[in-house]
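Worksheet for the structure shown next.
The values are calculated or read from the model by the stated rules, or taken from the named source; none is laboratory data. Being a predicted model, the structure only gives us computed values, none of them experimental. Quick reminder, even Gly has a Cβ in these numbers, built from the backbone with ideal geometry, and neighbours come from all protein chains shown.
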Amino acid sequence: MTIAVTPTQVLTAVGVLLALALVWRARSRRARRAADATRAGVRVVSLAGRVIITAALLVGVQWVVITHPTGNPALLLVLLALPDLLAASVLTRALTVTTTDALHRGGGRR
């Protein structure tokens, strides 16, 4: 049994394979861009959640210290100052995160 393939059929098959490869590549690029955009949005929400949880923890510690005085002013000062230092650190980090993770691919200028 002999299979006869004309040059037109070979050229058509190569063209179809090339078109499929280009469509596959375009879809993977689009999916990668969507994943990167989602990842950047999730980082902001995650950061906001961590700030809210930390603030709730600090408020709880300060409430306990104020409502249950021990009579020791140094202990009161340390227990109220330590959460404020942590809050300052968290807020500084939260307010200074201003970059987005843009991936540079290819040979273009940066």
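Values as computed for the structure displayed
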{"item": "Exclusive hit being in a helix (DSSP H, G or I), at pLDDT below 75 and not charged (D, E, K, R), set VAL78, VAL45", "result": "VAL45"}
{"item": "Residue count, region 56-78 (criterion: surrounded by 13 or more Cβ atoms within 10 Å (Cβ to Cβ) and either in contact with a helix residue (DSSP H, G or I) (Cβ under 7 Å, 6 or more places away or on another chain) or not hydrophobic (A, V, I, L, M, F, W, C) (or both))", "result": "5"}
